[in-house]
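The values are calculated or read from the model by the stated rules, or taken from the named source; none is laboratory data. The shown structure was predicted, so the numbers you read here are calculated from the model rather than taken from an experiment. Because the Cβ atoms are built from the backbone with ideal geometry, glycine has one as well, and the counts that use them run over all protein chains shown.
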Amino acid sequence: MAGALIIKKKIIDAKHPMVCVPIVEETADAILWKAREMRKAEVPMVEWRMDYFRDLSEQEEFRKVAESLRDIFSNQVLLFTYRTRAEGGEGNLSGDYYMEFLREAAALRCADLLDVEYDQLLEAEKFAEELHDLGALLVVSHHDFHVTPSGPQILLRLEKMKDMDADVVKLAVMPESKKDAAMLLAATAEFSEKYPSLPLITMSMGEKGAISRAAGCFFGSCVSFASFDKASAPGQMDYETTVTLVDQIKELM
């Protein structure tokens, strides 16, 4: 990958860290109401957690919500995510069904970025090429809600996701200690220095990993996830607090 990833005139890299907030409402009306509130707050990046949407299987309802979000967030980076239960979400699709849903989401061309769980894919590189052909930019992700792998294992996982021709690589792990959080940050720094043009998102979840959500950009992570009022993962801080902390860290870079 050459050059910076730029979406809606926003540079996606650790030098320009962004705070992303999730929409986790269950109904179309609630989703769009929350979206308009986030637009008023000028949130720079929004993640629609599609796995929370109650009417996801209704194709027309899904399309209407996706298109409405595209229009509402004409100036914000919009990420679509279907998080499976295997990786901490509400979604029960897997394998071929999961991949077919991602094809449908990509074909709508409403999202700026589409999250793809690496471990759910069959023939990952071929599938990534297919989604790219549909116009999607991919956040290739992996979430471990049980442990923090060793530093070398973290780097190996990031390398595998990079090789899927990811536009952004994302890794979230669960720490058992502050040492685990430090190990994640050290691996983040090593990987980002090796691949400076590939946007990287990492986080150590839970209370022990909270420092990674505030200071991740210092080590090479380009996005921190925060809650607008409902958290979508353990350890998410509220939006205003996260913005304040990230801005303070930026001053040290």
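In region 24-59, which residues are in a helix (DSSP H, G or I), of a type in the set (D, E, K, R) and closer than 20 Å to ASN92 by Cα?
Taking region 24-59 and keeping what is in a helix (DSSP H, G or I), we get 28-40, 50-52, 59.
Within this subset, residues satisfying the condition of being of a type in the set (D, E, K, R) are 29, 34, 36-37, 39-40, 51.
The one that is in a helix (DSSP H, G or I), of a type in the set (D, E, K, R) and closer than 20 Å to ASN92 by Cα: ASP51.
Look at LEU102 and say whether it is of a type outside the set (Phe, Trp, Tyr), crowded, with 20+ Cβ neighbours inside 10 Å and closer than 23 Å to PRO17 by Cβ.
Numbers: of a type outside the set (Phe, Trp, Tyr): yes; crowded, with 20+ Cβ neighbours inside 10 Å: yes; closer than 23 Å to PRO17 by Cβ: no.
Taking the combined requirement at face value, the residue does not satisfy it.
Return yes when ALA215 is in contact with a helix residue (DSSP H, G or I) (Cβ under 6 Å, 6 or more places away or on another chain), farther than 25 Å from LEU114 by Cβ and either at pLDDT below 95 or of a type in the set (A, V, I, L, M, F, W, C) (or both) and no when it is not.
In short, yes.
Would you confirm, using the coordinates I've provided, whether SER74 is surrounded by fewer than 21 Cβ atoms within 10 Å (Cβ to Cβ) and either in contact with a strand residue (DSSP E or B) (Cβ under 8 Å, 6 or more places away or on another chain) or at pLDDT 95 or above (or both)?
yes
As an exercise: evaluate GLU207 against (1) within 27 Å of ASP112 (Cα to Cα); (2) at pLDDT below 95; (3) among the acidic types (Asp, Glu) and give the number of the one condition it does not meet.
Here GLU207 clears every test but (1).
Only residues that are over 21 Å from GLU37 (Cβ atoms), part of a loop (DSSP other than H, G, I, E, B) and not basic (Lys, Arg): list them for region 60-104, please.
Across region 60-104, the qualifying residues are TYR82, GLY88, GLY89, GLU90, ASN92, LEU93, SER94.
Only one of GLU100, GLU90, GLU61 is acidic (Asp, Glu) and out of contact with any helix residue (DSSP H, G or I) (no Cβ under 7 Å at 6 or more places or on another chain). Can you tell me which? I'd like the intermediate steps shown before the answer.
On the way: GLU90 fails: out of contact with any helix residue (DSSP H, G or I) (no Cβ under 7 Å at 6 or more places or on another chain); GLU61 fails: out of contact with any helix residue (DSSP H, G or I) (no Cβ under 7 Å at 6 or more places or on another chain).
From the options GLU100, GLU90, GLU61, the qualifying one is GLU100.
I'd like to know if region 237-244 contains one or more residues that are of a type in the set (A, V, I, L, M) and surrounded by 24 or more Cβ atoms within 10 Å (Cβ to Cβ).
Quick first cut of region 237-244, residues of a type in the set (A, V, I, L, M) only: 237, 243.
Adding the requirement that they be surrounded by 24 or more Cβ atoms within 10 Å (Cβ to Cβ) leaves none.
There is no residue in region 237-244 that is of a type in the set (A, V, I, L, M) and surrounded by 24 or more Cβ atoms within 10 Å (Cβ to Cβ).
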